[in-house]
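Written below as structure tokens is the structure these notes are about.
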Amino acid sequence: DAKTTQPPSMDCAEGRAANLPCNHSTISGNEYVYWYRQIHSQGPQYIIHGLKNNETNEMASLIITEDRKSSTLILPHATLRDTAVYYCIVRAPTQGGSEKLVFGKGTKLTVNP
Amino acid sequence: DAGVTQSPTHLIKTRGQQVTLRCSPISGHKSVSWYQQVLGQGPQFIFQYYEKEERGRGNFPDRFSARQFPNYSSELNVNALLLGDSALYLCASSPYGLPGEKLFFGSGTQLSVL
């Protein structure tokens, strides 16, 4: 089961900031939060990840609360091409000592002109 | 540089048949993972391989198997296909399969079982 919960859908006006929330109240101290997005019929695309500090890259910013129980992905100036399903993921260990991504249903973000 | 490549892009099979899907990781990546995505759901983990060894297996029946070759490419095999195996099969690669690494996904193979 996914360890994260997200709203099923959100809308955003083109050019505005899109703020996508995620709850991960059972996250462990050494688990990263990852964000991926999936545009229809394509493979998921990595956006950003973080542990406890806020992170920023060329695509987005990630704000993680101090207690690490929730986070927000910020797309600062949404464009029509940002319309996609956004997944907030906390990775889970595999029996072989590695990790797997546990996807929920994500948030369907629609950017409107 | 080429990303993760998967073949074929689309495939149609009938129930009971067997299928082999192929994946080439990003150059230099030694870990490959497989995910299944049925319509309307997020991807589900099937397998992870590193240096030809299985490092993880999801909750899938034994009809699903995989292997990784010395050049780090991988194949996913599904035997005795069922209608419910219709899905997008995604391959992802990372350098070493270690915690904290980014996973890079291919565009997937769309499998339809009739």
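The values are calculated or read from the model by the stated rules, or taken from the named source; none is laboratory data. The structure presented is a predicted model; accordingly, all values stated were derived computationally and were not measured. Reconstructed Cβ throughout: ideal geometry from the backbone, glycine too, with neighbour counts over all protein chains shown. In case anyone asks, the SASA skips ligands and DNA or RNA and just uses the protein heavy atoms, side chains included. Shrake-Rupley method; radii C 1.70, N 1.55, O 1.52, S 1.80 Å.
Do any residues in region A:11-34 that are over 17 Å from A:Pro93 (Cα atoms) and polar (S, T, N, Q) have Cβ atoms under 8 Å from those of residues that are open to solvent by 60 Å² or more (accessible area, probe 1.4 Å) and outside any loop (DSSP other than H, G, I, E, B), where the two are at least six apart or on different chains, and which pairs are they?
A:Asn23/A:Thr5
Are there strands (runs of 3 or more DSSP E) fully within region B:55-113 with at least 1 residues that are away from chain A (no Cβ under 14 Å) and closer than 26 Å to B:Gly40 by Cβ? List them.
B:64-68, B:74-78, B:109-113
Yes or no: B:Gln36 within 21 Å of A:Leu101 (Cβ to Cβ) and crowded, with 17+ Cβ neighbours inside 10 Å?
yes
Based on this model, can you work out whether B:Lys13 counts as over 17 Å from A:Pro44 (Cα atoms) and open to solvent by less than 60 Å² (accessible area, probe 1.4 Å)?
Taking the combined requirement at face value, the residue satisfies it.
May I ask you to list pairs of residues, at least six apart or on different chains, whose Cβ atoms are under 6 Å apart, with the first in region A:50-73 being in contact (Cβ under 8 Å) with a residue 40 or more places away in the chain and the second being part of a loop (DSSP other than H, G, I, E, B) and open to solvent by less than 50 Å² (accessible area, probe 1.4 Å)?
Matching pairs, first to second residue: A:Arg68/A:Ile27; A:Leu73/A:Ala60.
Could you identify the single residue in B:Gly42, B:Gly3, B:Gly28 that is open to solvent by less than 30 Å² (accessible area, probe 1.4 Å) and modelled with pLDDT under 95?
B:Gly42
Given (1) assigned to a loop (DSSP other than H, G, I, E, B); (2) surrounded by 13 or more Cβ atoms within 10 Å (Cβ to Cβ); (3) of a type in the set (D, E, K, R), identify the lone condition not met by B:Arg22.
Evaluating B:Arg22 over (1) assigned to a loop (DSSP other than H, G, I, E, B); (2) surrounded by 13 or more Cβ atoms within 10 Å (Cβ to Cβ); (3) of a type in the set (D, E, K, R) leaves (1) as the failure.
Would you be able to tell me the number of residues in region B:101-114 that are out of contact with any Leu (no Cβ under 6 Å at 6 or more places or on another chain) and open to solvent by less than 20 Å² (accessible area, probe 1.4 Å)?
2
Checking the condition over 17 Å from A:Tyr46 (Cα atoms) and hydroxyl-bearing (Ser, Thr, Tyr), which residue from B:Ser93, B:Ser65 passes?
On inspection, the qualifying residue turns out to be B:Ser65.
With the requirement that a residue be surrounded by 16 or more Cβ atoms within 10 Å (Cβ to Cβ) and more than 8 Å from chain A (Cβ to nearest Cβ), what does region B:45-54 give you?
Within region B:45-54, B:Ile46, B:Phe47, B:Tyr49 meet the criteria.
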